[in-house]
Amino acid sequence: MDAAARVQTWIDERLNVGELLAPLREKTVPVHRYSQWYFLGGLTLFLFAVQLCSGVLLLLYYRPTANEAFESVQNITNHVQFGWLVRSVHSWSANLMVFCAFAHMFSVAFARAYRKPRELTWMTGMFLLFLVLGFGFSGYLLPWNTRAYFATKVGTEVAGQVPVVGHTMMVMLRGSEDVTGATLTRFFALHVAVLPAIAIGMVLLHLLLVQKFGTSVPVSVENEWEQHPRRRKEMKFFPNFFLRELIGWYFVLGFLIALAAFFPWELGTKADPFSPAPPGIKPEWYFLAQFQTLKLIPAKVFHMDGEVLGILGFGLGGALWLGLPFIEVLLGPRGARYVRVGAVFVLTYLAGMSVVGYMAK
Amino acid sequence: MGKLKVTIRWVFRGSVVLLVSLAPAQTKNVCVDCHAKLEGSLKVTAEQADAHGHKGMSCDVCHGGNTQDEARVKAPGSGFRGHISRAQIPELCGSCHADVNYVKRFNPSLRTDQLAHYHTSVHGVQFAKGDAHVAICTDCHGVHEIRPASDPRSPVHPLNVAKTCQHCHSDAALMKPYRIAATQFADYTDSVHHEAMALRGDLSAPTCSTCHGSHGAVPPGAGSVANVCSTCHVLQAQFFDESPHKTVFAEGCATCHTSHKIKHPDDNFVGLAAGSACGDCHTADDESGKAAAAIHDRLQQFESQVSRARKLLERAEQSGMDVAEAQVVLGQASDALTKARVRVHTARLARVNTELEAGSKSAAAALSAGEAAMKERTFRRRVVLVPGLAILAVVFALGLYIRELERSEEEDRKSGEQDDRKLAA
């Protein structure tokens, strides 16, 4: 017996890892014409891992104070060995993670993979998407540059418009009435401690549920398999599907490194709270649709403040989307069709408004 | 429920009464009641926003009469003056505006020397001689819509002063008897000063009254031109005082820069090339001409060095490199160039060179930082080839492994099926 086998036996005798991993060996992934969409979840998870690793490396040099944050990021970019690579990979990976999370969510919605018994899997996934957006919002301020400063000011002002609790929520986020060094410290704590702790727990729960209920098969494929049982095909998760995922992850890693080298993430100029907001200030692309909508809503709609109405609308929309599996059931036999039309509308609206917001001056 | 309704009704009624009682009472003015219906110069409405009206003054302050009682508007003893002739206007305005104690009651910071200045101005002097064509208070400030100079709608707001002056000064027929050219406004609108004022909205940029004065408007004498310009261009004036030109330029700054049509000077303004100011007096044969040409060449050389560094840093920045520190250094070189251009007014090459030598170090440092940034950019793009190739190799190996794995799984499955068939047989 070689050394590796002896170590494995020693561990198995104590922890019985083989039994723990048995469900993974049993796990299978359906193979059909939509199977490629199954890779999005794993890809999002991989990017989350990239975020954790690059984030820890950035933490070694980053200083979360208004006086030092910008300079420390400048130092990381210009002087720390391969700091430019780590910072750019962290920023690009964050954006790709948001993109993959949205793509995963819409693929699940269109495939109606949230159907019984996977309602909780959908809900934990939606919470993870909200957490990813929270990571994006809190991390955006950390370099303390002009764009980030004013975008955060606008973003927290929007939060302040929420009826009843808005102002308290805004002050809690900012640490004062305005965006200051206190806001930076709070966002830092959220970004590196609170959100990761919740996100890791939520990821584990999501994976546990995925493991428990298995991979969902789209209704059309399921019907086809019922009629022609010989067409049913499955692939072992480990190692067959996992190795394919690994290839995807390697490609994404290479893509991230290439992006970092050819399109390094810009740092901009240091935030100056006393200077006027630069013209055309916009949030990150994943908040553009909401931002543009709030810009287009009239100041008053039926005696109600337009901005408040917009925020309430987004809140309601988010809540309805979270409860999608239950809404489909409530809508009865035609629920699936309504949900599909709704999903097309939401996707078109978000994409269209983001483009309009990007083009707007 | 009924009691609540009654209470609400009484609270509402009480609020209406309170609001009505708090509403400001309309000030009665019988003059406006009639003049609002008239046309032309006699038309005066309550809506006209006049600075005096805002301070509570009414028609009687200038015109006398009784503004409250329609039957006694022009009654004897009411001091009614009616129409005020042009000849009366400066003294009438001055009766309040030159009264320090009176003006203090409304605006303690308002000047009270306007009438005294007016008497010293060309306008005032001519007016005293009985010339009815020269400007008086109302020509510039208006009549019933007089606004403070800080109000952008006022004809004497910095943005509007030049247009107000040009009403008369662009009228060639009106200017002819005084032997004054009528081209000043056209020249001014073509100048760097107008560009700053009108296009960039820089209210500190000079307009007519900045150089000529407002109430005491006079053309600055030839000897005073440099003094006028130096109120803003302090360093240029100091260097000019050191130059040999100081004693020979009869019109001071205007000798090179002209008076109203002042263009933005570039480096070709110095030297002997066509269009240069120096070339008007100097030639390539005289020593001063050679010095002027040398200053021009040196400025051009330095400018191209700064420009090269700027372009390189811009390229590096567009490639995503952080060159903020190098841009600060480049800014120092640009500052040195600006200072050297100011020192041109000394007309001495050595003085210009002092600034440029200090700036050369900054320009060279910026250039070298730009080159280093571009080198780093190339390194970064090459260095990704290593993990890129490694990733490709791993992906290729994984692909092969999966193919091999699935082929052996397929063979196992087929042999299993065969075994099953044999067993079944």
(message) Can you say whether B:Arg147 is surrounded by 15 or more Cβ atoms within 10 Å (Cβ to Cβ), closer than 30 Å to B:Gly40 by Cα and among the basic types (Lys, Arg), as far as the supplied structure shows?
(response) yes
(message) Please go through (1) farther than 22 Å from B:Lys361 by Cβ; (2) of a type in the set (A, V, I, L, M); (3) in a helix (DSSP H, G or I) for B:Leu272 and return the number of the only condition it doesn't satisfy.
(response) (3)
(request) Filter segment B:90-115 down to residues that are open to solvent by 60 Å² or more (accessible area, probe 1.4 Å), touching a helix residue (DSSP H, G or I) at 6+ places or on another chain (Cβ under 6 Å) and assigned to a loop (DSSP other than H, G, I, E, B), then give me how many there are. (result) 1
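Could you go through segment A:43-61 and let me know if any residue there is within 13 Å of chain B (Cβ to nearest Cβ) and either out of contact with any Gly (no Cβ under 6 Å at 6 or more places or on another chain) or aromatic (Phe, Trp, Tyr) (or both). Give the derivation first.
First pass over segment A:43-61, keeping only residues within 13 Å of chain B (Cβ to nearest Cβ): none.
No - not one qualifying residue is present in segment A:43-61.
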(message) The conditions are (1) within 14 Å of chain A (Cβ to nearest Cβ); (2) open to solvent by 50 Å² or more (accessible area, probe 1.4 Å), and B:Leu272 fails exactly one of them. Which is it?
(response) (1)
(request) Return only the number of the condition from (1) over 25 Å from the mean Cα position of the chain (by Cα); (2) assigned to a helix (DSSP H, G or I); (3) not polar (S, T, N, Q) that A:Phe251 does not satisfy. (result) (1)
(message) Tell me the residue from A:Phe274, A:Phe287, A:Phe291 that is more than 14 Å from every other protein chain (Cβ to nearest Cβ), open to solvent by 70 Å² or more (accessible area, probe 1.4 Å) and either basic (Lys, Arg) or within 30 Å of A:Val158 (Cα to Cα) (or both), please.
(response) A:Phe274
(message) Out of B:Ala309, B:Ala292, I need the residue that is farther than 20 Å from B:Ala347 by Cβ, modelled with pLDDT of 90 or more and surrounded by 17 or more Cβ atoms within 10 Å (Cβ to Cβ). Which one?
(response) B:Ala309
(message) Every residue in segment B:391-425 that is open to solvent by less than 50 Å² (accessible area, probe 1.4 Å), within 11 Å of chain A (Cβ to nearest Cβ) and among the small types (Gly, Ala, Ser), please.
(response) B:Gly399
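Please work out which residue is farthest from the other protein chains (Cβ to nearest Cβ), limiting yourself to segment A:210-247 and to residues that are charged (D, E, K, R) and part of a helix (DSSP H, G or I). Break it down into steps so the answer makes sense when it comes.
Applying the first criterion (charged (D, E, K, R)) to segment A:210-247 yields A:212, A:222, A:224, A:226, A:230-234, A:236, A:244-245.
If we keep only those that are part of a helix (DSSP H, G or I) too, we end up with A:212, A:222, A:224, A:226, A:230-231, A:244-245.
Values: A:Lys212: 26, A:Glu222: 24, A:Glu224: 23, A:Glu226: 24, A:Arg230: 14, A:Arg231: 17, A:Arg244: 7, A:Glu245: 10 Å.
Among them, the one singled out is A:Lys212.
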(request) Return only the number of the condition from (1) among the β-branched types (Val, Ile, Thr); (2) touching a Gly at 6+ places or on another chain (Cβ under 8 Å); (3) open to solvent by 80 Å² or more (accessible area, probe 1.4 Å) that A:Val341 does not satisfy. (result) (2)
(request) Working only within segment B:132-153, note down all residues that are out of contact with any His (no Cβ under 9 Å at 6 or more places or on another chain) and charged (D, E, K, R). (result) B:Glu145, B:Arg153
(request) Could you please find all residues in segment B:45-89 being loosely packed, with under 14 Cβ neighbours inside 10 Å and of a type in the set (Gly, Ala, Ser)? (result) B:Ala46, B:Ala49, B:Gly56, B:Ala71, B:Ala75, B:Gly77, B:Gly79, B:Gly82, B:Ser85, B:Ala87
(message) So, in segment B:195-235, exactly how many residues are closer than 22 Å to B:His117 by Cβ, open to solvent by 50 Å² or more (accessible area, probe 1.4 Å) and of a type outside the set (A, V, I, L, M)?
(response) 11
(message) Residue pairs, Cβ under 9 Å, 6 or more apart or interchain, first in segment A:248-271 and at the interface with chain B (Cβ under 7 Å from one of its Cβ atoms), second hydrophobic (A, V, I, L, M, F, W, C) and open to solvent by 70 Å² or more (accessible area, probe 1.4 Å). List them.
(response) A:Tyr250/B:Leu392; A:Gly254/B:Leu392
(request) Go through segment A:115-149 and give me each residue that's open to solvent by 30 Å² or more (accessible area, probe 1.4 Å), assigned to a helix (DSSP H, G or I) and modelled with pLDDT under 95. (result) A:Arg147
(request) Examine segment B:357-379 for a residue that is free of Cβ contacts under 8 Å to residues at least 24 places away in the same chain, within 9 Å of another protein chain (Cβ to nearest Cβ) and of a type in the set (A, V, I, L, M, F, W, C), and state whether such a residue exists. (result) no
(message) Considering only segment A:206-222, I want to know if a residue exists there that is closer than 29 Å to A:Val73 by Cα and under 20 Å from the mean Cα position of the chain (by Cα).
(response) no
(request) Please state which of the following conditions B:Val329 fails to meet, knowing it meets all the rest: (1) among the hydrophobic types (A, V, I, L, M, F, W, C); (2) out of contact with any Ser or Thr (no Cβ under 6 Å at 6 or more places or on another chain); (3) open to solvent by 30 Å² or more (accessible area, probe 1.4 Å). (result) (2)
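The values are calculated or read from the model by the stated rules, or taken from the named source; none is laboratory data. The model shown is predicted, which means the values in this text are computed figures rather than measured ones. A quick note on method: Cβ atoms are made from the backbone with ideal geometry, for glycine too, and the neighbour counts reach across all protein chains shown. Accessible surface areas use protein heavy atoms only, side chains included; no ligands, DNA or RNA. Shrake-Rupley method; radii C 1.70, N 1.55, O 1.52, S 1.80 Å.
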